[in-house]
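K.L.:
Sharing a structure here in structure tokens format.
The values are calculated or read from the model by the stated rules, or taken from the named source; none is laboratory data. Values in this document were obtained by computation on a predicted structure and should not be read as measured data. Here Cβ is always computed from backbone atoms with ideal geometry, including for glycine, and neighbour counts include all displayed protein chains. For the accessible areas, the whole protein counts, side chains as well, though only heavy atoms, and no ligand, DNA or RNA atoms are used. Shrake-Rupley method; radii C 1.70, N 1.55, O 1.52, S 1.80 Å.
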Amino acid sequence: MTASGKTAFRIKKVVWRIETARKMAQFLSFALFNAVLFGLGPWPIVLPVLYSLGVQQKTIGDAFAILQWMLHESIFPWLPLASFFLIAVFLGRTLCGWVCPFGFVQDLLEYIKRKHIELSMRTHEGMTRIKYVILAITLLVSGTLAISLATGVGGGYKAALGAFAPGPFNALSPADTLFAILPRMVLNLRYANLDAFVAGILVVRPLLWTRLVIMVLTLVLAVYVPRSWCRYVCPHGAALAFLNRFSFLGLKRDPLKCTKAGCRACVEVCPMKVPILDSPWEKFTDPECIYCLKCVESCTTRAIRPKFP
Ligand code: SF4
Ligand code: SF4
């Protein structure tokens with residue numbers, strides 16, 4: 001084997017190792033989130049990843065869903081807040097790349113299409129702001145509800161919010177629909193009379209239909225635009241993106257190894273459209289980076305490396 005052949009072989013081995021390890025981590029995390037079904041937990045652990053408020057039988061909690069629920073119960077959400085801060089400070093958005101169940105689903109959907117839609121950088125940057133708006137609206141609704149309930153005047157507000165009171169975001173979250181509502185519907189179908197089930201579906205239930213439409217649109221979009229939900233909509237992603245800038249974990253690019261001109265392998269493979277080549281050499285902690293390490297494995301000169309701290 002020639003020297004260049006050996007190098008290509010070695011790189012292929014590394015590529016195989018990182019991506020396989022990530023997929024295995026995602027799969028195991030997915031199983032762990034549901035391991036209560038096999039007799040484990042539930043554990044008093046909350047992680048800043050998107051799962052569901054509606055699934056009672058879960059081993060690990062979804063920090064943002066629990067935060068909304070605790071505010072609805074007038075409890076200070078110290079545990080979910082600590083989870084967001086500690087994880088983000090040490091690991092940035094790594095859990096988005098390696099653990100999040102909804103991120104895993106999107107990564108699998110990405111395989112359906114070989115060619116994806118490329119948004120211009122300007123459109124992309126504009127759209128990344130949507131998730132901050134969603135985060136702000138959710139915190140505003142949950143926060144004002146908590147304050148009004150604590151001061152004894154929130155009964156009417158809570159009643160007006162209805163299904164949105166325990167989780168203004170989760171009431172429409174596609175992850176809740178996928179991981180909680182749909183399985184429940186399937187179970188109902190199994191145990192209930194089929195006619196009653198169909199009649200129940202056909203009855204005009206605006207919230208249910210809105211949820212289903214949002215979930216289908218989200219999943220279809222993920223086929224065409226990798227991690228579109230994480231890039232533009234997810235409030236978990238927004239909170240972590242904000243804190244990611246201060247993360248101990250980052251990436252560095254070796255100026256002696258990076259050929260830059262003519263090679264955009266890392267940029268092209270990045271699912272989050274991180275402007276890697278315009279980032280500082282020594283260390284970059286881009287808000288959108290989910291530390292999937294696809295850029296690390298795609299670099300033929302091995303110029304990109306994780307950096308901690
Ligand atoms: S941004 Fe994506 S990976 Fe991160 S929590 Fe949200 S859905 Fe999960
Ligand atoms: S910069 Fe690299 S590690 Fe970060 S999201 Fe893009 S490909 Fe993944």
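K.L.:
Please find, in a Gaussian network model of the chain (springs between Cα atoms separated by less than 10 Å), the residue of Leu219, Leu243, Leu119 whose mean-square fluctuation is greatest.
P.N.:
Largest GNM mean-square fluctuation: Leu119.
K.L.:
Using only alpha-carbon positions, what ratio does the radius of gyration of the stretch 40-126 give when scaled by 2.2 N^0.38 Å?
P.N.:
1.33
K.L.:
So how do 293-305, 60-72 stack up, highest first, on mean other-Cβ count within 10 Å?
P.N.:
Highest to lowest by the protection proxy: 60-72, 293-305.
K.L.:
In square angstrom, what is the accessible area per residue of the chain with a 1.4 angstrom probe?
P.N.:
On a per-residue basis, the chain sits at 52 Å².
K.L.:
Would you list the P(r) distribution for the stretch 3-243, with all Cα-Cα distances sorted into 5 Å bins from 0 and each bin expressed as a whole %?
P.N.:
1, 6, 11, 15, 18, 16, 13, 9, 5, 3, 1, 1, 1, 0, 0
K.L.:
What does the helix-only formula give at 222 nm for the chain: each DSSP H stretch with n ≥ 4 adding -39500 (n - 2.57), the total divided by the residues, and the result rounded to the nearest 500 deg cm²/dmol?
P.N.:
Mean residue ellipticity, 222 nm, calculated: -16500 deg cm²/dmol.
K.L.:
For the chain, what % of the accessible area comes from carbon and sulfur atoms, probe 1.4 Å?
P.N.:
Reported share for carbon and sulfur atoms: 71 percent.
K.L.:
For the chain, build the charge dipole from Cβ charges (+1 Lys, Arg; -1 Asp, Glu) around the Cα centre, then report which of Gly39, Phe64, Thr259 sits farthest towards its positive end.
P.N.:
Thr259
K.L.:
I'd like to know which of Ala180, Gly54, Leu217 lies farthest towards the positive end of the charge dipole of the stretch 3-243, counting +1 on Cβ of Lys and Arg and -1 on Cβ of Asp and Glu.
P.N.:
Toward the positive end, the furthest listed residue is Leu217.
K.L.:
Just checking the chain: which Cys have no other cysteine's beta-carbon under 4.7 Å?
P.N.:
That list is Cys96, Cys100, Cys230, Cys234, Cys258, Cys263, Cys270, Cys289, Cys292, Cys299.
K.L.:
Right, another one. Relative to the Cα centre, what is the charge dipole magnitude of the stretch 3-243, using +1 at the beta carbon of each Lys and Arg, -1 at the beta carbon of each Asp and Glu, and rounding to the nearest 20 debye?
P.N.:
Here the size comes out at about 1000 debye.
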